[in-house]
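The values are calculated or read from the model by the stated rules, or taken from the named source; none is laboratory data. These numbers were taken from a predicted model, which means no experiment stands behind them. Glycine also receives a Cβ, built like all others from the backbone with ideal geometry; neighbour counts cover every protein chain displayed.
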């Protein structure tokens, strides 16, 4: 493609006034062309994961190896199929995907593999055997959290379960594994179950509905995929003291982590309910660094290294015993064991705090927040 | 709002008649060709057969489903169950097909898929045609019921669709020349041309244009309506078969997100919402236009944050391209402006002429003038009561069931307080969406008006009560501008409300993403949190606000000139225009009202959750429409009372609270929810055609 024809095309585009972002003018020949196909961009987890992927791609160890292009498919699997096809057409060497559906992409992924494209799925799974998968063990997540809750309650009590998005594999695996654990204890009763859609806002609406006909005093514990931060806030609003907060097994949001710190801890920028409460919690998450890790694995695979088809990430679990506040949130600091961030740095309590991985020294807090890699 | 336009002068020659009759489809085809050219120009290398083949399969599912939706819309209906049918067929095929049987019959499973779709269509058709219920609420209930059934069939992605199906539907009809998806669409379109030529086809357009007139010339309106939903169901079924072939497996959520773009495809393809004009050919082009936009964005490497903005803009431009003719609303607005300018120069504008009372003097018969006694309340308000009461009766039933099943309802202050707090969001949206629906429009920009308002507010307030003083007015003023933009697009550019507000929604989503950079910062201030979650004499403060709001809403719609104009426009736009109502100004104000209501909800949600999140308004779009209709309003406009809508809000919220209190699985809850809504509106059946 000559410079002239490119200029003509750019002029044409400018005339169409579609968008100001044109085709990047000079592409280094040796750079690997890698595409990122995200799902819906409109939630904290997705935005963080995207920031971390971008930070990883711009880190000095990667910047001259990778030419990364990001696309968003929304919640629509049909569109992701079309995007992946178009990426293959556009000459992708590797595609990193947050798969909207574990099964619906199989055909198009197989088609991509057949053309020699490396396909990496992060967080969720693609069941097509030629794809590489990077995620946590969802069943373990359900099991570990349910076991913690049972132990906290001494095997006895009424609990409320708030699940994720019905009809997804992740929700199904987590919820089934947790219920299997709970079923072993006949004195544990699930007295209310709501669909939380992995959203703090939905968790509040659903809990409000349940508590319209129930009182907090009838409930002994909570198992939630997302919503412990909200549940703690609601208990305080209902007049509970911080020492009376119910044990809650749930998500790894920074707000929830800060609430786990012992009451009275000095934390910059904290204001109730985004403040240390000593809340009894186990906090776990699907870590948002999985996309960035998938990108490094994709580069390794393109460089001819042997990469396993399945990378199971260690489940990041934080309890009141292991909670520790970070000062700045560098990778080195997290490596030393801190796992919660000051509200003055992370103003959004719904932001996911499980960003540390042994394998990604390129990215720290700044990567997750603004897409800035570590030095 | 093409209905604003006086009928375009009938063109003379047969060729121009042909052109004008199919102008929608022709314009869609031209836009499609232009986009194809753009894709060809900006992508590396020329378009090959492979590109065409893959483009054709990419858009086939939505094209097939949108053909079905077109038929429903042509008949004057509306079908929200289309996406759910696609999911259902997908999981039925994925669980039903035996992975071991290699020679599973393509024909058999295609028929199964179409059959499932037709069955659902018959269910819809029964309630809509035979029981004369409103399509939007019937199909919404069907959507919930189907989502439940789909999850019962398959509770997570999996299953297996025979590769034979994929090989057939995605392969080549003529190798190297004609991809199979185009043949499938072609066959469906041929079937449509045949159907159009039959008496049923004529009857379909007749019913969509004017059901009363159709009935009086002997068209069997009930039968035609019933069959339309059955045929449309078959189309969704075929779309479900196609997506199964494409994905090779099952996913219970696969079809749901296709719904909104389906409507966009229909409208971009030149079919008029409300019926009687357009056709499936344009729709097919419409579906492919929407799909091409995605590809163009990919090739141009548009940043993810801008992609919804670009899509929204392209949607508007594509529709505007269609209105660049002499008879378009835009062209007429220009001519009218020129005429006004000339009149102003000549000093002939009404405002420049002396005001003289030119009203007709009606002679009063003063002698023996007995004041006519006012009819009693229930007679004066018979129509309102007939449509508003069912929601309240059902509400009472739901509350009693809650009391019996869960206890602690009727005599529990907490229950009522929660009911009102949770209802407050929809109660406020109901005024905005309700007013828009009363004028015969629809506001699909509600979700991201809520989201953007909440995010802006949280960002500005950031926990400080003092900042509320300027943040609240700022957010509300921004909402006014959003509504103004919607109104201007609809009134002055003549874009249909669905397309305009859908595009606005996408553009607002882009703004929200850009502003928040993906993670909204900031949180609600203590006062706002107290307002939504605190206590004032055992009641949450927002409940008192809601009571005041209800009084305001009832007065606004029932007792002001503005309210009267809304009903006037909804009953007959032409009559409203001729009676001297400033239709354009009123419509713009209605969309501004809707945007402001959505912004208030965004602010309230931020206070309720303590923070704002992207997508926090997504769950409020369909309910905001449902409560208006459940409350007795007519989706085509002109009829409905705010108190009825409030009844709808309370009913749906109480029902959700009842279901949340049980430990029933989600699938069962969805089915029950759909059935109860369907039962509740059974009483709202339209009167039999005379």
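Taking the conditions exactly as written (more than 13 Å from chain A (Cβ to nearest Cβ), touching a residue at least 12 places away in the same chain (Cβ under 8 Å) and either surrounded by fewer than 19 Cβ atoms within 10 Å (Cβ to Cβ) or not in a helix (DSSP H, G or I) (or both)), does residue B:272 satisfy them or not? Against the criterion (more than 13 Å from chain A (Cβ to nearest Cβ), touching a residue at least 12 places away in the same chain (Cβ under 8 Å) and either surrounded by fewer than 19 Cβ atoms within 10 Å (Cβ to Cβ) or not in a helix (DSSP H, G or I) (or both)), residue B:272 qualifies.
Here is a yes/no grid of residues against (1) in contact with a strand residue (DSSP E or B) (Cβ under 8 Å, 6 or more places away or on another chain); (2) buried (at least 19 other Cβ atoms within 10 Å of the Cβ); (3) outside any helix (DSSP H, G or I); (4) free of Cβ contacts under 8 Å to residues at least 12 places away in the same chain:
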residue	(1), (2), (3), (4)
B:189	no, no, no, no
B:192	no, yes, no, no
B:207	no, yes, no, no
B:213	no, no, no, yes
B:219	no, yes, yes, no
B:224	no, yes, no, no
B:232	no, yes, no, no
B:239	no, yes, no, no
B:246	no, yes, no, no
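I'd like to know if region B:429-446 contains one or more residues that are within 14 Å of chain A (Cβ to nearest Cβ) and buried (at least 23 other Cβ atoms within 10 Å of the Cβ). There is no residue in region B:429-446 that is within 14 Å of chain A (Cβ to nearest Cβ) and buried (at least 23 other Cβ atoms within 10 Å of the Cβ). Filtering region B:30-47 to residues that are at pLDDT 80 or above and farther than 19 Å from residue A:81 by Cβ leaves B:30, B:31, B:32, B:33, B:34, B:35, B:36, B:37, B:38, B:40, B:41. For the residues B:493, B:484, B:452, B:426, the requirement of being farther than 30 Å from residue A:349 by Cβ and either more than 29 Å from the chain's Cα centre (by Cα) or modelled with pLDDT of 95 or more (or both) singles out B:484. Checking the stated criteria, residue A:165 turns out to be at the interface with chain B (Cβ under 10 Å from one of its Cβ atoms) and closer than 24 Å to residue A:354 by Cβ.
Restricting attention to region B:36-75, the residues that are surrounded by 24 or more Cβ atoms within 10 Å (Cβ to Cβ) and either outside any helix (DSSP H, G or I) or without any contact (Cβ under 8 Å) to a residue 24 or more places away in the chain (or both) total 1. Screening the candidates A:337, A:329 for the property of being at positive phi and touching a helix residue (DSSP H, G or I) at 6+ places or on another chain (Cβ under 6 Å) yields one hit, A:329. Taken together, the criteria place residue B:96 among residues that are more than 21 Å from the chain's Cα centre (by Cα) and surrounded by fewer than 22 Cβ atoms within 10 Å (Cβ to Cβ). Determine whether residue B:399 is surrounded by 24 or more Cβ atoms within 10 Å (Cβ to Cβ), in contact (Cβ under 8 Å) with a residue 24 or more places away in the chain, in contact with a helix residue (DSSP H, G or I) (Cβ under 9 Å, 6 or more places away or on another chain) and assigned by TED's automatic domain parsing to the domain that holds residue B:502. No. When B:496, B:445 are screened for being touching a helix residue (DSSP H, G or I) at 6+ places or on another chain (Cβ under 6 Å), touching a residue at least 40 places away in the same chain (Cβ under 8 Å) and under 22 Å from residue B:615 (Cβ atoms), only B:445 passes. When you scan region B:675-687, do you find a residue that is at pLDDT 90 or above and in contact with a strand residue (DSSP E or B) (Cβ under 8 Å, 6 or more places away or on another chain), even just one? No, there is no match, as no residue in region B:675-687 is at pLDDT 90 or above and in contact with a strand residue (DSSP E or B) (Cβ under 8 Å, 6 or more places away or on another chain). Looking at B:494, B:459, B:434, just one residue is in the same structural domain as residue B:593 (by TED's automatic domain parsing) and in a loop (DSSP other than H, G, I, E, B), and that residue is B:494.
Checked against (1) surrounded by fewer than 24 Cβ atoms within 10 Å (Cβ to Cβ); (2) within 14 Å of chain A (Cβ to nearest Cβ), residue B:425 passes all but a single condition, namely (1).
Restricting region B:275-319 to residues that are more than 16 Å from residue B:506 (Cβ to Cβ) and without any contact (Cβ under 8 Å) to a residue 12 or more places away in the chain, the residue that is surrounded by the most Cβ atoms within 10 Å (Cβ to Cβ) is B:298.
Evaluated against (1) modelled with pLDDT of 90 or more; (2) within 22 Å of the chain's Cα centre (by Cα); (3) within 11 Å of chain A (Cβ to nearest Cβ), residue B:280 falls short on exactly one condition, (3).
None of B:655, B:634, B:659, B:664 is more than 20 Å from the chain's Cα centre (by Cα) and assigned to a loop (DSSP other than H, G, I, E, B) except B:664. Go through (1) outside any helix (DSSP H, G or I); (2) surrounded by fewer than 21 Cβ atoms within 10 Å (Cβ to Cβ); (3) more than 14 Å from every other protein chain (Cβ to nearest Cβ) for residue B:26 and report which single condition fails. The one condition residue B:26 does not meet is (1).
Hey, among the residues in region B:540-566 that are under 28 Å from residue B:274 (Cα atoms) and buried (at least 18 other Cβ atoms within 10 Å of the Cβ), which one's nearest to the chain's Cα centre (by Cα)? Across region B:540-566, the extreme among qualifying residues is B:566.
State yes or no: is residue B:416 surrounded by fewer than 24 Cβ atoms within 10 Å (Cβ to Cβ), farther than 24 Å from residue B:621 by Cα and touching a residue at least 40 places away in the same chain (Cβ under 8 Å)? When the stated conditions are applied, residue B:416 does not pass them. No other residue among B:552, B:545 is under 23 Å from residue B:649 (Cβ atoms), part of a helix (DSSP H, G or I), in contact with a helix residue (DSSP H, G or I) (Cβ under 9 Å, 6 or more places away or on another chain) and touching a residue at least 40 places away in the same chain (Cβ under 8 Å) apart from B:545.
So, in region A:318-349, exactly how many residues are in contact with a strand residue (DSSP E or B) (Cβ under 8 Å, 6 or more places away or on another chain), crowded, with 21+ Cβ neighbours inside 10 Å and not in a loop (DSSP other than H, G, I, E, B)? The qualifying residues number 2.
Summed over region B:511-531, the residues that are facing another protein chain (nearest Cβ under 10 Å), crowded, with 24+ Cβ neighbours inside 10 Å and assigned to a helix (DSSP H, G or I) give a count of 3. Within region A:178-228, the set of residues being more than 13 Å from every other protein chain (Cβ to nearest Cβ), in contact with a helix residue (DSSP H, G or I) (Cβ under 7 Å, 6 or more places away or on another chain) and part of a helix (DSSP H, G or I) comprises A:178, A:181, A:228. Restricting attention to region B:667-690, the residues that are under 22 Å from residue B:400 (Cα atoms) and surrounded by fewer than 18 Cβ atoms within 10 Å (Cβ to Cβ) total 5.
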